[in-house]
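Engineer: What follows is a single structure, and I will ask about it in a moment.
The values are calculated or read from the model by the stated rules, or taken from the named source; none is laboratory data. Since this is a predicted model, take the numbers as computed values, not measurements. Here Cβ is always computed from backbone atoms with ideal geometry, including for glycine, and neighbour counts include all displayed protein chains. The area values use the complete protein model at the heavy-atom level, side chains included, leaving out ligands, DNA and RNA. Shrake-Rupley method; radii C 1.70, N 1.55, O 1.52, S 1.80 Å.
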Amino acid sequence: MTEKKDAVIKMEDASFPKPFASKLEYNSPVHGNWNIVHTGMQVPETIQIYVCAENCMRGVVLTAAEMNAADRFSYVIVEEKDLLYSNLEELTIEGVTDVLNKRGDHPKAVLLFTVCLHHFLGSNLKYIYRKLEERFPDICFIRCYMDPIMQKHSLTPDQKLRKAMYDPLPVCEADEKTVSVLGSDFVLDESSDIKRLLKRYGYRVRELPACNTWQELLEMSRGRLFLNCYPAGKYGMEAQAKRLGREHLYLPGSFSYEEIENQLKQLTDMLGLPELTEEELAHERAACEEKLAEAKNLMGEMPIVLDYLYHPRPLGLAKLLLTHGFCVKAIYLDGISPEEKEDFLWLQEHAPELELIATIQVKMRVLPRGGEEKVLAIGQKAAYFSRSRHFVNLVQGEGLYGFDGIRRTAELMMDAYLNEKDTERLVIQKGWGCECCL
């Protein structure tokens, strides 16, 4: 059982986009990634209500409690007898009604999560929402789903949620000097390329993670341009742009100078702004080269492992580091994004011995973690499986973007090299960056 076969593969032998077979899965104790509870809590002045069985409820209710948000979380338990002898539509309607009546206050909106059982029984969701809206006309009911049965065959619950959260945005006139960024759990860094560029020309940037009130969320519809930088939010951003008649751009975070420059040109072209000059772009590249060289000089030949949880483009990051002399040994991932096909092919040719290591393959539960030499880990899963105390603690790309994102990654690597962390204490906390009561 402790053989690495099926859990570890060399780059030269890997298949795209699925290097590992889909089988029974292992869930490591690394929980810094955000789930649907964390993401939904971004919508201000709202509560979440889940209608599901106790076994599924356990995880989401603990998430709400651990992030000190239990006052914004309610649930309706579905029992076996309800499936056999009751009507799930009426159970949902009456259960939600009971929750709202007992609260004594009416939130601006309810994120109502229906589940796999509603699909299995063919529940009429339109009827459920219509009745609830008739009973509570002052509440906006946001249609959310916790249906992992769809996880690998359709839009995931996460993708659907990142669309539903923006469904309340009203049709309105656009503000010519406003850009709205949809679909991410984190605001873009103020120093990010996008923020700096838009600030230069007097644009206001609206982002859900920065909203403190329901009204601020609604005002996001005023953006003349909708942007998305996080892959899971692309579908929702495009759907809302189509519904509201807005121009939109998908500008995913990247570690490629050429791709970053192309994206910035797309942004300036869309807004009718002057392109960045060759001198400005050369300065951005030079600043990245300087910061990467500084990190390399500090770290020397220290082995590096990294994971998909740090950033949606782990192969791109590995390529960047390898081309700048860093000693990248392994990438922890379970699948490869279509956006990284070119990086995959490049790594197969230029780094054939690089290891891809699964994180959910069942052997990872028993395979030895770490080795004798110290490694620097980029990402929580890489840190956990390598037993590294020198690690970059960040998930989902956070606010990284563009040339600034490359420089910040280098800075975080240097900090990780110089300062140890209590890895096993940090990685078990759900929702990196969220308030935690643990």
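Engineer: Tell me which of these P44 doesn't satisfy, since it passes every other one: (1) open to solvent by 30 Å² or more (accessible area, probe 1.4 Å); (2) touching a residue at least 40 places away in the same chain (Cβ under 8 Å).
Structural biologist: (1)
Engineer: I'm checking my understanding of the structure. Among residues of segment 367-385 that are closer than 18 Å to A7 by Cβ and without any contact (Cβ under 8 Å) to a residue 40 or more places away in the chain, which one is least open to solvent (accessible area, probe 1.4 Å)?
Structural biologist: So, considering only residues that are closer than 18 Å to A7 by Cβ and without any contact (Cβ under 8 Å) to a residue 40 or more places away in the chain, the one least open to solvent (accessible area, probe 1.4 Å) is G370.
Engineer: Being open to solvent by 40 Å² or more (accessible area, probe 1.4 Å), modelled with pLDDT under 95 and not hydrophobic (A, V, I, L, M, F, W, C) narrows it down to one of E420, E424, so name that one.
Structural biologist: None of the other options fit; the residue is E424.
Engineer: Grab the helices (runs of 4 or more DSSP H) fully contained in segment 259-364, keeping just those with 2 or more residues being within 23 Å of Y417 (Cβ to Cβ) and touching a residue at least 40 places away in the same chain (Cβ under 8 Å). Even if it seems obvious, please write down each step before you answer.
Structural biologist: Values: elements: 278-299, 314-322, 341-350.
So the answer is 278-299, 314-322.
Engineer: A further question on this structure: Can you tell me which residue in segment 57-66 is modelled with the lowest pLDDT, limited to those that are among the hydrophobic types (A, V, I, L, M, F, W, C) and open to solvent by less than 30 Å² (accessible area, probe 1.4 Å)?
Structural biologist: Start the filter on segment 57-66 by keeping residues that are among the hydrophobic types (A, V, I, L, M, F, W, C), which leaves 57, 60-62, 64-65.
Retained after the next criterion (residues that are open to solvent by less than 30 Å² (accessible area, probe 1.4 Å)): 57, 60, 64.
Numbers: M57: 90, V60: 93, A64: 94.
By that ranking, first place goes to M57.
Engineer: Would you check if P29 is more than 23 Å from S123 (Cα to Cα), within 21 Å of the chain's Cα centre (by Cα) and not hydrophobic (A, V, I, L, M, F, W, C)?
Structural biologist: The answer is yes for P29.
Engineer: Inside segment 174-205, can you point out the residues that are assigned to a strand (DSSP E or B), under 27 Å from L309 (Cβ atoms) and either of a type in the set (S, T, Y) or in contact with a Ser or Thr (Cβ under 9 Å, 6 or more places away or on another chain) (or both)?
Structural biologist: At the first step, the residues of segment 174-205 found to be assigned to a strand (DSSP E or B) are 175-181, 204-205.
Filter again for under 27 Å from L309 (Cβ atoms), leaving 180-181, 205.
Residues satisfying the conditions are S180, V205.
Engineer: Just checking, which of I36, I77, I49 is open to solvent by 10 Å² or more (accessible area, probe 1.4 Å), of a type outside the set (S, T, N, Q), in contact with a helix residue (DSSP H, G or I) (Cβ under 7 Å, 6 or more places away or on another chain) and in contact (Cβ under 8 Å) with a residue 60 or more places away in the chain?
Structural biologist: Matching residue, one of I36, I77, I49: I36.
Engineer: In segment 267-299, which residue that is open to solvent by 50 Å² or more (accessible area, probe 1.4 Å) and of a type in the set (D, E) is nearest to Y250 (Cα to Cα)?
Structural biologist: So, considering only residues that are open to solvent by 50 Å² or more (accessible area, probe 1.4 Å) and of a type in the set (D, E), the one nearest to Y250 (Cα to Cα) is D269.
Engineer: Of K18, K4, K10, which residue is modelled with pLDDT under 95 and surrounded by fewer than 21 Cβ atoms within 10 Å (Cβ to Cβ)?
Structural biologist: Unique residue meeting the criteria: K4.
Engineer: Let me ask something additional. Considering (1) closer than 17 Å to C56 by Cα; (2) under 31 Å from the mean Cα position of the chain (by Cα); (3) open to solvent by 80 Å² or more (accessible area, probe 1.4 Å), say which one H106 fails and leave the rest.
Structural biologist: Single failed check for H106: (1).
Engineer: Among Y250, Y201, which is out of contact with any strand residue (DSSP E or B) (no Cβ under 6 Å at 6 or more places or on another chain) and either buried (at least 19 other Cβ atoms within 10 Å of the Cβ) or not acidic (D, E) (or both)?
Structural biologist: Checking each option against the conditions leaves just Y201.
Engineer: Enumerate the pairs (first residue in segment 218-247 and under 20 Å from H311 (Cβ atoms) and open to solvent by 10 Å² or more (accessible area, probe 1.4 Å); second residue anywhere and modelled with pLDDT of 95 or more and in a strand (DSSP E or B)) with beta-carbon separation below 7 Å, excluding pairs fewer than 6 apart on the same chain, so at least 6 apart or on different chains.
Structural biologist: So the pair list comes out as C229/V181; K234/N228; K234/Y250.
Residues are listed down the side, and each one gets a yes or a no for (1) farther than 18 Å from Y50 by Cβ; (2) surrounded by 16 or more Cβ atoms within 10 Å (Cβ to Cβ):
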residue	(1), (2)
M146	no, yes
H153	yes, no
M165	no, yes
L169	yes, yes
V181	yes, yes
L188	yes, yes
